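Each remark here refers to the structure printed beneath this line.
Just so it is clear, none of the values below were taken in a lab; they were calculated from the coordinates. A quick note: this is a predicted structure, and the numbers were derived from the prediction, not measured. Counting neighbours? That spans all protein chains shown, and the Cβs are built from the backbone with ideal geometry, glycine included.
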Amino acid sequence: MRWLAWLVLGVLFAGALATVADARPGGGHSYSGGSSRSSGGGSYRSSSSSSGGGGGDLGAGGVMAIIVGVVLVVVVLSISSNDTSSATIAAAAAAPVAAQAFVPLVTKDPAFSQVAFEDFAFQLYARVKRARGKPELLAELTPYVASDLLRELEHAQPVAAVVIGSLRIVGVVASMPDIPQTIEVRIEANLANPTITQLSIERWTFSRSHDVMTRAPDRTRTFPCPSCNAPFARGAAERTCAHCNTDIAVGRFEWTLTAITPGTLTNVGPTLTGTVEEVGTDLMTQVEPDAFIKMQELYEADKNVSWTAFEEHVAMIYAQLNAAWNAQDLKPVRGLVTSSLLGYLQYWVDEYKRQQMANKLESAKISRIALAKVTRDPYFDAVTVRVFADGNDFTIGPNKNVVGGSKTSRRAYSEYWTLIRSATRRGPIVNEAKCPNCGAPTSISDAGACTHCNAEVENGSFDWVLSKIEQDEVYLG
């Protein structure tokens, strides 16, 4: 399943390029990574997809936990109602912060959800990049982006498509009185335009006032006014809501993007055609030290949850997703993946169609599934597994000829999949394509609700849904 959002935008013709790869649902041929891993295996290729994970079977016993030491040097940002927020955070280690780094933040704000924050950062990144050079679109994001950054982005080159390969929190600063809370995120993504695709590595700093607490996640993520929840439109002043006339000062209500620290920007080739060697499958699985303990907590909290049932659910999503990808019709997987992930997948389905191409992953099967990470917070439970699989991965061109991959040679690969479910949900895991609330055949509206019972099923409220696919050559936990 490497067809997903970490695909790079292809060109209208299949050029003779040296570094292109095959696709799968999840982006296996498409995300052009550019950095190297410190955990072995050398640098990864310029053609991997998004989301992925590491090895070790759950029931195998004796799984070695990998503890990554993280050295963080953080420069605290100063937030004021005057929006003087353009300071940046100093360089930090690329690996995610250890769980202990969140303790001061969670102690102060028990409702803080890492899963919800990462989803917020993920979607804001994509919205900001696509709005570059378009003042009217950037204005809609005013409550969530500092004004100085908005003005800079108005003059930036527009981006046609954004493919996020890796997003991870690398710095956390809990606040003291009059000192803002900050979270630094490292993002690798492909920024695609009709004539060029570039691999971008940046650090984004989010800040909020020291006394702001987490609100219930916006499950539809429309970026409304954080005061009145209406679609944001500027009032008389730049940061004033036209509906409620409230001053949306930076960090007053919600996490706000206050700094973008550029890293590297590398040109990469189009990737809808061609073949490259798979990278990362032989790397050791990145297993969080407490993954098995937290999984056991899930078993105890809900007796309906078992590793066997969870594996079967992952396998069901895998089969449905591959079938939908091969058919270039994602409607059957609505309700099995989050709306964010669905949007990325749909972009690439449309792009293949536009170029009169199709990527196929035929006779695909999973060989094993390994636990990598479990996150639990007041809103979500999230389980990350490494999926090892293989299949015949190939791309056909306008004349139905094979322009990448092979119909006869099986391609082995692995990815990290993250599934989320509401922290309050209890009950059997549904292992067939039907509404987890009413049991009717899957039929999901554009709003992400079951057309039979109107339950919102794309946000994990009723069952485990796939939220991320990350490639093992970029996944670090």
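Residue ranges 112-122, 227-237 sort as 112-122, 227-237 when ordered by packing (mean number of other C-beta atoms within 10 Å per residue, highest first).
Sorting the segments 252-259, 188-195 by their residues' average number of neighbouring beta-carbon atoms within 10 angstrom, most packed first, yields 252-259, 188-195.
Available extension along the chain between E297 and Q346 is 14.1 nm, counting 0.36 nm per residue and deducting the alpha carbon span.
Between the alpha-carbon centres of segment 166-188 and segment 297-319 there is a gap of 32 Å. Length available on full extension from T264 to A327: 0.36 nm per residue minus the Cα-Cα distance, which gives 19.0 nm.
Residues of segment 350-367 with an amide N closer than 15 Å to a point placed 7 Å from the Cα of K400 along the Cα-to-Cβ direction: 357-358. Remark: the Cα gyration tensor places segment 233-339 in the prolate category, a/c being 1.5 or greater and a/b exceeding b/c. Express in whole angstrom the spacing between the alpha-carbon centres of segment 226-252 and segment 367-411. So the two Cα centres are separated by 42 Å. Protection proxy ranking, highest mean first, for peptides 354-362, 96-104: 354-362, 96-104, where packing is the per-residue count of other beta-carbon atoms within 10 Å, averaged.
Listed by chain and number, the aspartates and glutamates whose alpha-carbon sits under 13 Å from that of K407, ignoring those within fewer than 8 places in the same chain, are D22, E362, D390, D393. Cross-link reach is defined here as a Cα-Cα straight distance under 17 Å, omitting same-chain residues fewer than 8 places apart; for K353 the lysines meeting it are K331, K400.
Sequence gap at least 6, Cα distance under 8 Å: using those rules, report the relative contact order of segment 273-366 to the nearest whole percent. Walk me through the numbers before you get to the answer.
Working: 34 pairs, mean separation 20.8, N = 94.
Once divided by the residue count of segment 273-366, the mean separation gives 22 percent.
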